[in-house]
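FYI, it's all coordinate maths here, none of it is from the lab. Quantities reported herein were computed from a predicted structural model and do not represent experimental measurements. Methodologically, a virtual Cβ is constructed for each residue, glycine included, from the backbone with ideal geometry; neighbour enumeration extends over all protein chains shown.
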Amino acid sequence: MQITRQADYALRAIIYLSRMDQNSKASTKDIAEDQQIPPSFLAKIISQLSIAGLINTSRGARGGVSLAKAPEKISILEVVEAIDGPMLLNECTGNPKTCPFGKDCPLHQVWCEAKAELHAKLSAATFSAENLIPISQ
């Protein structure tokens with residue numbers, strides 16, 4: 001399993017915003033340059049993160065992008081799922097009826113347990129200052 005490049009860029013944008021003063025706003029240009037994200041790609045990501053309620057956006061001379069809530073209240077899972085949708089390891093973990101073997105499948109339980117562990121880990125990992133490791137440029 002691998003997250004999309006778009007989700008990776010969204011995580012980078014949230015990291016950038018998490019490092020700012022809580023009352024500050026950033027321009028998408030600054031985020032794109034600092035985090036090495038193509039500006040046109042970032043615009044779509046910002047829109048999706050805004051729709052998900054993770055960031056606030058405002059236009060104009062004093063406009064910009066900021067977090068919609070404290071960094072410690074935003075999880076990695078929220079950001080990834082805002083971009084990529086629900087995280088499933090296998091289609092059957094979302095809908096067991098998709099498997100022709102149903103409950104008799106010897107792998108179903110393993111997939112469900114692995115998904116639960118991954119969700120727990122990514123839900124617990126937030127963008128709080130203690131969790132952010134400085135990125136060396």
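So here's what we get for this one:
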{"quantity": "The chain: angle of helix 108-124 to the longest principal axis, Cα-based, in degrees nearest 10", "calculated": "20"}
{"quantity": "Relative contact order %, the chain, counting alpha carbon pairs below 8 Å whose residues are six or more apart", "calculated": "28"}
{"quantity": "Computed log₁₀ I(q)/I(0) - Debye formula, equal Cα scatterers, no solvent, the chain, q 0.09, 0.14 Å⁻¹", "calculated": "-0.33, -0.68"}
{"quantity": "Charge-dipole axis of the chain as Lys and Arg at +1 and Asp and Glu at -1 on Cβ define it, positive-most pick from Ala114, Gln48, Gln36", "calculated": "Gln48"}
{"quantity": "Angle between the chain longest axis and helix 5-18 axis [Cα atoms, degrees, rounded to 10]", "calculated": "50"}
{"quantity": "At R0 = 30 Å, FRET efficiency that the Cβ-Cβ distance of Lys97 and Ile51 yields, to 0.05", "calculated": "0.55"}
{"quantity": "Acute angle (nearest 10 degrees) that the helix 39-51 long axis makes with the longest principal axis of the chain, alpha-carbon atoms", "calculated": "70"}
{"quantity": "Filter on Lys69/Lys97; Lys73/Lys97; Lys29/Lys69; Lys69/Lys115; Lys29/Lys121; Lys44/Lys103 - keep pairs with C-alpha separation over 28 Å", "calculated": "Lys69/Lys97; Lys73/Lys97; Lys29/Lys121; Lys44/Lys103"}
{"quantity": "Cβ-isolated cysteines (cut-off 4.7 Å), the chain", "calculated": "Cys105, Cys112"}
